[in-house]
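To keep things clear, I will list the structure first and then write my remarks on it.
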Amino acid sequence: MSCSHLETDIAVIGAGPAGIAAALAASERGARVAMIDMMDEAGGRVWAGGPAHGGTRRAHAMATLEGRGVLHLRGVRAIAGAPQRLLLEGAAGAHLVQHGRLILATGARELQLPFPGWTLPGVVAAGGLQLMLKSGLRLEGRRVVVAGTGPLLLAAANTARQAGARVDCIAEQAPRERLLHFALQLPRFPDRLLQAVQLRAALLRTPYRAGLRLQQAEAGEGGWVCRVTLADAQGRTQHHDCDLLAIGHSLLPELQLAALLGCRLRDDGQGVTTDAFGATSVPGLYAAGEAAGVGGQRKAWIEGRIAGLAAAGRLDETEALLPQADKERRYAALLQQAFAPRREESPALTPETIVCRCEDVPLWQLADCASWREARLQQRCGMGHCQGRLCGGALALHRGWRTGADTRIPIVPTRLDTFIHLAQLTPGDSP
Amino acid sequence: MSAMITLHIDGTPYRVPEGQSLAAALIALQLPSRVSVGGTPRTPFCGMGVCGECRVTVGDEPGVLACLTACRHGLSVRTR
Amino acid sequence: MASADVIVIGAGIVGAAIAAAAAREGLRVLVLSDGLPGDGVTAAGMGHLVVLDDDPAELALCKLSMALWRAFEHQPRAQYHRCGTLWIARDDAERELLRHKQARLASAGIGTQWLSGSEVESAEPALRLGLAAGLCVGSDAAVYAPAVAADLVAQACEQHGARLLMPCRVRALRPGGVLLDDGGTLDAGAVVVAAGPQTGQLIPQLPLIPRKGHLVITDRAPQARLSHQVVEVGYGASAHGGGDSVAFNVQPRPTGQLLIGSCRQPGRADAALDPQMLARMCSRAMDFMPALASARLLRAWTGVRPGAPDGRPYIGRWPALSGTWVAAGHEGIGVTTALGTARLLVDQLLGRPTVMDAAPFDPARAVRMAAAA
């Protein structure tokens, strides 16, 4: 595999709202910018396929970036890094990027909690379903149930509905009281309130139930999911026939590149530690958007802009933006408080429930494990393809283990013929 | 609306919208992407390159993530 | 009243094997471990059961230990994989090395199968073409050592009354006992130091040279298969040479994953991943096995192989401190020789004649080595 070389002033990892905003701000101030994203289309999880407003803004932003000569590396993932250097892998080859400053806008991934039947064909992540819908999936004639916790459930349900699906139920495991409390805080954030009202209006015919957790998914004759059982706090159950079950239990920031590069992370694991300008503990390294704390699109956009300005040396120009960024962080804290899953409200596991999907490790095999390390070393849990990204989140919740602590090379599974270009991370005697 | 193209999954031809993710196509067609270590069929799950449930062989290359791959005419996909 | 008859410091494969062997003999055993049994260096290694022939004493120890490893062949958690080792030669000079290897192994009663270049191609189609020859040691194997170590300790505790203290850090050795990090003391008739790289902290006068290594593991790789663990014959030079080196060494795991090594950085004991070494190691792997190019790597990690300057482990009494014994310095064959080490050590603890000559492993030689330096 070949390895191309790229030099830039500012590298931006992620082409979602935060990354795009950062690239816009930095390029506007004359910096050479390269934006790197694993998807073929920019927009991250959030944009395109969603509200028309988002689609137009993204298209306009991308056109502007192209006009300014901002490089957009698509379908490319960071696999390792060193000071001022990144090794990336794409389908066509490897890339070595030498950069001045780096802005991490790596977004978030979903926390997924296991329950009996969650590995059945047709059970998909809510955010994952949204991305598939974004890429053109149509769901005419399909019944969809959405369950778990967090505002993403509503967004996914709405996107599914727009693609022709019949969404029979949105089950939110947080209790009604907490949802009400969250809703009562929304007027402090008028934009969010408007968004919530719009979403609810779009889903008026869809039952949205609180205090309802996943209990079991079952398959039909063909092996595809056909039914889901939900349970309330008193154990009363309800069944829904479905063709697709979309699940999600809130979002976690994507932190592996940040950790690898030595950034200090927040104690609560909720993001990279940053100052008001997005600067991390590593000089020249910034973080914006979900990576600095899950808080949605607006937070991402404004933090991206601030970090882009800061990275381009225009700290003074960020002044006016800081109060709004502050406000967005307060919203993020509110989101976290409302929707971080609580163990006692989460789906219950049976001994046979698969915990590690990659290696098919059921709960009972982890009974004697006292730590994450022991689970991995002795039971193969977390030692498969995803290297614990899925089961780690679940076990952190259920067992209280610290599962996100590792920093690894490669960050994602990488072809060996890409890996040999690791030598280029250390300047000097590169071949 | 996207043009429809033909690709093959485990030898069978399918018509899918061009540019749709391969994972989306598998979901639409109700086809598993892989078989787990324990022998159970799996379909794309996280949709964003994390879980690995959508690993398929595309052409000669195994371990390709369907959720990060767009449907293109002539693609030859194997799930087992 | 002593805490135990025997304190074993370290619950890696060597410590675990000793604890299990001692407990089976009816000794009261107390195992002290700073981490999980089977973790540490044991977890970082390849679990390759391989007879190394560079040194006659080491070869005899390997042979003894390999026979004892057969007992694990059908234990599921050991994942005993009778893959054998296929040593490969690239040219005439290396073919000569293989011939010598075959002869030395034969003189120790270890059967091997010679393969011509084309026979190597048939046996392992994934390897590059044009190799000169191969030597297959069919009795070699691979095991998952962390599980074996953990199970040995658990068995010793559950069936023979041994005890495990974990986490437990030993600050220093004392005559007939140990001083713990928290200030407590423990006494025993015998203290066995099987602490891997930490052995040097407890017994500074025991020369131990760390040799840092890297490994990477692939995802299940249907396009790149091996039937044997394949090692280039130049590996031997790498193990005993002076500078940083890499050698082709790939093990097929029962899962279908490939474990890729190996490299050595003498004198290095840190855990940090070194991109240069990883790149070199992987380049060499791809060189010998082109099909590896598209294999996907899941994880890379490091481990430290502590070895004695003369290349042989220390197994026996440490004369400078009463009641102290050592089982350390196994360099890259800790897993292979763990069971044999335990046998020799426990025989010596009990004052029994050893089943093979243990003199070459006498820790007292360290004093002589230091005096000669």
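Out of the range B:1-44, which residues are among the small types (Gly, Ala, Ser) and not in a helix (DSSP H, G or I)?
B:Ser2, B:Ala3, B:Gly11, B:Gly19, B:Ser21, B:Ser33, B:Ser36, B:Gly38, B:Gly39
Under the condition of being open to solvent by less than 30 Å² (accessible area, probe 1.4 Å), assigned to a loop (DSSP other than H, G, I, E, B) and more than 7 Å from chain C (Cβ to nearest Cβ), the residues counted in the range A:402-422 number 3. The set of residues in the range C:175-192 that are part of a strand (DSSP E or B) and touching a Leu at 6+ places or on another chain (Cβ under 8 Å) comprises C:Gly177, C:Val178, C:Leu179, C:Leu180, C:Thr185, C:Leu186, C:Ala188, C:Ala190, C:Val191, C:Val192.
Within the option set B:Ile27, B:Ile9, being touching a helix residue (DSSP H, G or I) at 6+ places or on another chain (Cβ under 9 Å) and within 11 Å of chain A (Cβ to nearest Cβ) holds for one residue only, B:Ile27. Any idea which of A:Leu129, A:Leu152 is hydrophobic (A, V, I, L, M, F, W, C) and open to solvent by 10 Å² or more (accessible area, probe 1.4 Å)? Checking each option against the conditions leaves just A:Leu152. Considering every residue within the range B:59-75, establish whether at least one is open to solvent by less than 40 Å² (accessible area, probe 1.4 Å), more than 15 Å from A:Lys134 (Cα to Cα), more than 7 Å from every other protein chain (Cβ to nearest Cβ) and not β-branched (Val, Ile, Thr). Among the residues of the range B:59-75, at least one is open to solvent by less than 40 Å² (accessible area, probe 1.4 Å), more than 15 Å from A:Lys134 (Cα to Cα), more than 7 Å from every other protein chain (Cβ to nearest Cβ) and not β-branched (Val, Ile, Thr), which makes the answer yes. Checking the range A:70-90 against the condition returns no match, with no residue being farther than 29 Å from A:Ser281 by Cα and outside any strand (DSSP E or B).
Out of everything in the range C:138-174 that is in a helix (DSSP H, G or I) and among the acidic types (Asp, Glu), what residue ends up being surrounded by the most Cβ atoms within 10 Å (Cβ to Cβ)? Taking the candidates together, the pick is C:Asp151. Residues that are touching a residue at least 60 places away in the same chain (Cβ under 8 Å), assigned to a strand (DSSP E or B), open to solvent by less than 30 Å² (accessible area, probe 1.4 Å) and within 14 Å of another protein chain (Cβ to nearest Cβ) occur in the range A:109-123; there is at least one. Name, by its number, the condition in (1) without any contact (Cβ under 8 Å) to a residue 12 or more places away in the chain; (2) within 14 Å of chain A (Cβ to nearest Cβ) that does not hold for C:Gln201. If we test C:Gln201 against (1) without any contact (Cβ under 8 Å) to a residue 12 or more places away in the chain; (2) within 14 Å of chain A (Cβ to nearest Cβ), just (2) comes out false.
Yes/no matrix, rows are residues, columns are (1) surrounded by fewer than 24 Cβ atoms within 10 Å (Cβ to Cβ); (2) modelled with pLDDT of 95 or more:
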{"site": "A:Cys3", "(1), (2)": "yes, yes"}
{"site": "A:Ala25", "(1), (2)": "no, yes"}
{"site": "A:Gly43", "(1), (2)": "no, no"}
{"site": "A:Ala80", "(1), (2)": "no, yes"}
{"site": "A:Val97", "(1), (2)": "no, yes"}
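Of the set (1) in contact (Cβ under 8 Å) with a residue 24 or more places away in the chain; (2) open to solvent by 10 Å² or more (accessible area, probe 1.4 Å); (3) among the hydrophobic types (A, V, I, L, M, F, W, C), all apply to B:Val56 but (2). Any residue at all in the range A:329-336 that is in contact with a Leu (Cβ under 8 Å, 6 or more places away or on another chain) and crowded, with 19+ Cβ neighbours inside 10 Å? Checked the range A:329-336: no residue is in contact with a Leu (Cβ under 8 Å, 6 or more places away or on another chain) and crowded, with 19+ Cβ neighbours inside 10 Å. Would you mind stating whether A:Arg68 is surrounded by fewer than 17 Cβ atoms within 10 Å (Cβ to Cβ) and within 26 Å of A:Phe277 (Cα to Cα)? In short, yes. The listed residues are A:Gln185, A:Gln173, and the only one of them that is of a type in the set (S, T, N, Q), more than 14 Å from chain B (Cβ to nearest Cβ), open to solvent by less than 60 Å² (accessible area, probe 1.4 Å) and in contact with an Asp or Glu (Cβ under 6 Å, 6 or more places away or on another chain) turns out to be A:Gln173. The residue that is farthest from A:Pro114 (Cα to Cα), counting only those in the range B:45-62 that are part of a loop (DSSP other than H, G, I, E, B) and among the acidic types (Asp, Glu), is B:Asp60.
Within the range A:339-355, the presence of a residue that is crowded, with 18+ Cβ neighbours inside 10 Å and among the charged types (D, E, K, R) is excluded.
The condition (being surrounded by fewer than 17 Cβ atoms within 10 Å (Cβ to Cβ) and either touching a residue at least 12 places away in the same chain (Cβ under 8 Å) or within 22 Å of A:Ala126 (Cα to Cα) (or both)) is satisfied by just one residue among A:Gly271, A:Gly313, A:Gly295: A:Gly313. The strands (runs of 3 or more DSSP E) found wholly in the range C:273-373 and carrying at least 3 residues that are more than 30 Å from A:Ala91 (Cβ to Cβ), open to solvent by less than 40 Å² (accessible area, probe 1.4 Å) and among the aliphatic types (A, V, I, L, M) occupy C:324-328.
The values are calculated or read from the model by the stated rules, or taken from the named source; none is laboratory data. A quick note: this is a predicted structure, and the numbers were derived from the prediction, not measured. As a convention, Cβ positions derive from the backbone with ideal geometry for all residues, glycine included, and neighbour counts pool all protein chains shown. Each accessible area value is taken on the protein alone, full model and side chains, heavy atoms only, with ligands, DNA and RNA left out. Shrake-Rupley method; radii C 1.70, N 1.55, O 1.52, S 1.80 Å.
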